[in-house]
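Here, each number is a calculation from the coordinates, and none is a lab measurement. What you see is a predicted model, and the numbers here were worked out from it, not measured in a lab. Cβ atoms come from the backbone with ideal geometry, glycine included; neighbour counts cover every protein chain shown.
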Amino acid sequence: MLAIVMWAFFPGAIALLGSAFFLFLRSRSKKPITPPPNVSRDKQSLPVKGEPGVYKSGLLTNENENVIENIFAGVDTLWDAFNRGMKESGNGHCAGTRGSDGKYRFRKYSDILRDSQNLASAFLGDLGLKPGDKIGIYSQNRPEWLVSALACVQQSIVVVPLYDTLGPDAAAFIVSQADISVIIVDTVAKARNLASKKTAMPTLKTVVMVDKNEATAEVVEEMKSSGISLISLSDVIEMGVKNPQPQHLPNKDDTYIICYTSGTTGTPKGVIITHRNILANISGWAYMIDKLEPEILDNKTLMISYLPLSHMMEQVSHWTAIMYGARIGYFSGSIQRLTDDIKALRPTAFPVVPRLLNRLYGAIQSKVQNGNFLVRMIYNIAYAKKLDLLKQGITTKESFWDKLVFNRIQEQLGGQVEIMATGSAPISEEVLQTCRIALGATIVEAYGQTECTAMATITWPGDWTGGHCGGVAPCCNIKLADVPELNYFAKDGKGEIMVRGPSVTKGYYKDPEKTAELFDEHGFVHTGDVGELLPNGTIRIIDRKKHIFKLAQGEYVAPEKIENVYIRSPVLQQVYVDGNSLERWLIAIVVPEPKVLEQWNEEHGVKGRSLKEICADKKAQEYVLSQLHQIGKENKLNSIEQVKRVYLEVEPFTVENDLLTPTLKAKRPQLRKKYKEIMNRIYDENRDS
């Protein structure tokens, strides 16, 4: 994915100056995004009448309207949503994949419907399932994921996603707890993972292989010896053709999906998400877009799908696209090829995690800083001019400055992106502003959790400010609860974020104890995140109850806040900050940016060394530490928050080595365990520091 941001966007800029006036005349004007007359950006959250301390979306100005549950007439379930989308599209293109020639080809809505209906018949007929049963989907994003989910929906069968890189132990726990008898997989490796734990999954009887070529006679026999029947998806669909069964359509309060959160600690918890929950989240998003920037979401929308469908952000993105009759283009299965997929697809909608925007920002800054005086001057002028537009509520890629400077950046994402939604972790104001300017796209930042389906707060299109995650989403209400142990009190506008509304889960599957802990006495969900309500009604995440620790001098530290500052440095790819109550200072485990460190080595070190050898050099460590201190100082980290030592790690943190969740969040307990001895040694060697 880093290839997305490694380009030269200034060559040719001087040549373009000659046609500046012509381009200026041809630049299309774009109207500012302005709220409706009775809505104010200074009041993005409003108090709920009769409930002191409870807030609703600032878009809901009617004092008797506290939450949006569903804005789509006649759509009560995801089955209804699909049929609406098919009508909106005029039975147009629905799901696309990239062929061997590099081009995307799409299947129509009617194609997806036909296969899903036949698969649904086979579920009840030949596979012996019944409404309320669970089916596992253990696959990367692809059209068959949608076909399988839609088949489940029309028989009231519950979808249970398994993470794409989930280890066999976690998969076995989920399959066993959910009493799953049928799992759809996309690779032999995943089928074998399941077979290796068959004794822990007594209910598992059938594995359905998406690619028929993978279901060889050898693999079939191998699975059979483990007590599992292996059959191809195409054969199962054909069973449904020959043996049609009646539908058992769900109602809005039926469970659509049990989304197991791997989280960063403990055993996975199965979050129950109903059709009502999903539709409320979609409606909240759609209501906001309709009020502020309706032209960016319709049946012409084209979305890239690469974030895991086991994550609710991607589920909501998917079903929103379907609801509007839009197109979904699936990545080709490898993050390394994502750049090429995006260029080939040219999406208009792009869900994105903050880490990728941070890397984009870092690459832009590095290119500018390493450029000559003229390059820096042109960039700074272009940035300032587009910032002026942004402050007017104008997001565009059609200005003169886009043609001169930013066009090459935009082309790396296909050149057509109109809307990006980011979430799952905080993102800085500077990064967000730079990406909005450079990409010429509306970028909204949402905050939420699986337990809230996805979105609990969201920034408004046209709000150019950053450093917050928006006001209360239209689909829920929020209040702040005191966190006395961290000295946060709701009366001061600070506290744990609590969420209530139609988008909130019923609870955890087969876990009444944790479900009881999840809710307070008024039905609000505990998020564990500490927020601050700002004067304009937006919410800023300022702490995390669980990830905060105290240093020996009694000061509390929020490591994720520090990491979100350091990650913007071009010197590194990844960073993990840690400490404990026995020590007075922090350590950073840094995965460096190889090119930056190799360049430093050429200038200051011994030429020809490997990256591993460079990382072991104390002078290299001091250089990286100085870069972290510099960016930390620029972003006003205090002296306690600045790390005092770094360890340079050659191997990146990945999902595969169990140091990241599938949504690219750090697994802090696993990172702490992996680097415990290294950090202890660093502390021991620096006792007098």
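How would you rank Ser305, Ser176, Ser428, going from fewest to most other Cβ atoms within 10 Å of each one's own Cβ?
Starting with the residue having the fewest Cβ neighbours, the order is Ser176, Ser428, Ser305.
Among the GluC sites (Glu not before Pro) in region 51-135, those placed in a DSSP loop whose Cβ has at most 14 other Cβ atoms within 10 Å are Glu63, Glu65.
Exposure proxy check: Met313, Met209 ranked by fewest other beta carbons within 10 Å?
On the way: Met313 24, Met209 27.
With the sparsest Cβ surroundings first, the list reads Met313, Met209.
The tail of the calculated P(r) for region 107-290 beyond 22 Å holds 45 percent of all Cα-Cα pairs.
Only loop residues by DSSP count here, and only those with at most 11 other Cβ atoms within 10 Å; note down the trypsin sites (Lys or Arg not before Pro) in region 90-157 that meet that. Walk me through the numbers on the way to the answer.
Numbers: sites: Arg98, Lys103, Arg105, Arg107, Lys108, Arg114, Lys134; in loops: Lys103.
Those that pass, being in a loop and sparsely packed, are Lys103.
Of interest is the spacing of the C-alpha centroids, which for region 361-421 and region 533-598 amounts to 28 Å.
By the Cα gyration tensor, region 124-211 has an equivalent ellipsoid whose semi-axes, rounded to whole angstrom, run 19, 15, 11 from largest to smallest. Of the trypsin sites (Lys or Arg not before Pro) in region 288-336, not one is in a loop by DSSP (not H, G, I, E or B) with at most 13 other beta carbons within 10 Å. Distance from the alpha carbon centroid of region 428-505 to that of region 324-343 works out to 27 angstrom.
Determine the percent antiparallel among the DSSP beta bridges restricted to the chain, to the nearest 5. Mind showing how you got there, number by number?
Details: 47 of 83 bridges.
The antiparallel fraction comes to roughly 55 percent.
Extents of region 58-120, taken as max minus min of Cα coordinates on every principal axis and listed largest first, are 55, 29, 19 Å.
Highest mean packing comes first when the peptides 484-491, 410-417 are listed by Cβ atoms within 10 Å, giving 410-417, 484-491. Shape class for region 549-685, computed from the alpha carbon gyration tensor (a ≥ b ≥ c): prolate, with a/c not under 1.5 and a/b above b/c. Between region 621-689 and region 59-110, the C-alpha centres lie 43 angstrom from each other. Grouping the Cα pair distances of region 485-584 into 10 Å bins from zero gives a pair-distance distribution of 13, 32, 33, 20, 3 percent in increasing distance order.
Would you kindly calculate the mean projected area, averaged across all directions, of the convex hull enclosing the Cα atoms of region 621-680, in square nanometres?
If I average the Cα hull's projected area over directions, I get 5.1 nm².
For the chain, the convex hull spanned by the alpha carbon atoms encloses 174 Å³ per residue.
What's the exposure ranking of Ser424, Ser110, Ser310, going from fewest to most Cβ atoms within 10 Å?
Ser110, Ser424, Ser310
Couplings 3J(HN,Hα) of region 393-399, computed from phi: x, 10, 10, 8, 10, 10, 7 Hz, in residue order, whole Hz [Karplus 6.51 cos²θ - 1.76 cosθ + 1.60, θ = phi - 60°; x for Gly and Pro].
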